[in-house]
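Written below as structure tokens is the structure these notes are about.
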Amino acid sequence: MKILVVDDEADIKDLFEQRFRREIRAGEFDLAFANSGEQALTYLQGHASEVVLILSDINMPGMSGFELLRHIRSDFTTPPPPVVMMITAYGDSSSHEQAVTLGANDFLTKPLDFAILKQKLRELA
């Protein structure tokens, strides 16, 4: 499963590669990373048919995760849009409602529980 992780935090790539080390080696997951919504859209323009899941932070400078989600749902209709999980440090209901309204398939709060995340990913695979 190809997963695009979108987050402006500098250490997110190292964290995900460490937490998914076994799954990456086994070929279960293939991770790509973007540091912003703009980078994610650029990546998707060349790899949309490969990406099955997008994990996106909501609060990023420039394009927010919500804006990225709007673009994904409107710009990438063929092939079918990937599953999108929004990640945020805020567990408030308004953020959750906005994410679902915009087409997010799931909503996770930080700090991420990687055991739960892996379980959700395996259910999608």
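The numbers here are math on the coordinates, done by the rules we state, and not lab data. On a predicted model such as this, the values are computed, not experimentally measured, just so you know. As a convention, Cβ positions derive from the backbone with ideal geometry for all residues, glycine included, and neighbour counts pool all protein chains shown.
Can you put Ser64, Ser94 in order of Cβ neighbours within 10 angstrom, beginning with the fewest?
Exposure proxy ranking, most exposed first: Ser94, Ser64.
Evaluate the relative contact order of the range 2-124 (contact order divided by residue number), counting alpha-carbon pairs under 8 angstrom at least 6 apart; express in whole percent. Spell out each step's value before the answer.
On the way: 170 pairs, mean separation 28.2, N = 123.
About 23 percent, as a whole number.
I want to check a number: in the range 2-124, how many lysine pairs have alpha carbons closer than 15 Å, given a sequence separation of 8 or more or different chains?
Numbers: Lys2/Lys13; Lys2/Lys118; Lys2/Lys120; Lys110/Lys118.
Step by step, the pairs that qualify in the range 2-124 add up to 4.
Which Cα, out of Ile87, Ala32, Pro111, lies furthest along the positive dipole direction of the chain (beta carbon charges, K/R +1, D/E -1)?
Ala32
Taking the Cβ of each residue in Ser95, Ser74, Ser56 as the centre, tally the other Cβ atoms inside 10 Å and list the residues starting with the fewest. Write out the running numbers ahead of the final one.
Numbers: Ser95 19, Ser74 10, Ser56 25.
So the ranking, lowest neighbour count to highest, is Ser74, Ser95, Ser56.
If we count other beta carbons within 10 Å of each Cβ, what is the order of Asp11, Asp75, Asp30, fewest first?
Final ranking by Cβ density, sparse to dense: Asp11, Asp75, Asp30.
For the chain, give the magnitude of the charge dipole about the Cα centre (Cβ charges: +1 Lys/Arg, -1 Asp/Glu; no others), in debye to the nearest 20.
For this selection, approximately 400 debye.
What 222 nm value per residue comes from the helices of the chain, counting each DSSP H run with n ≥ 4 as -39,500 (n - 2.57) and dividing by all residues, nearest 500 deg cm²/dmol?
It comes out at -12500 deg cm²/dmol, rounded to the nearest 500.
For the chain, what proportion of DSSP beta bridges, expressed in % and rounded to the nearest 5, is antiparallel?
0 percent
Using the crude model of +1 on Lys and Arg Cβ and -1 on Asp and Glu Cβ, and no other charge, please compute the dipole size for the range 51-122 relative to its Cα centre, in debye to 20.
Working: 6 positive and 7 negative charges, 52 e Å.
Charge dipole of the range 51-122: 260 debye, to the nearest 20.
If a/c stays under 1.5 just call it rounded; otherwise compare a/b with b/c (prolate if a/b is bigger, oblate if not). Do that for the chain, with a ≥ b ≥ c from the square roots of the Cα gyration tensor eigenvalues.
rounded
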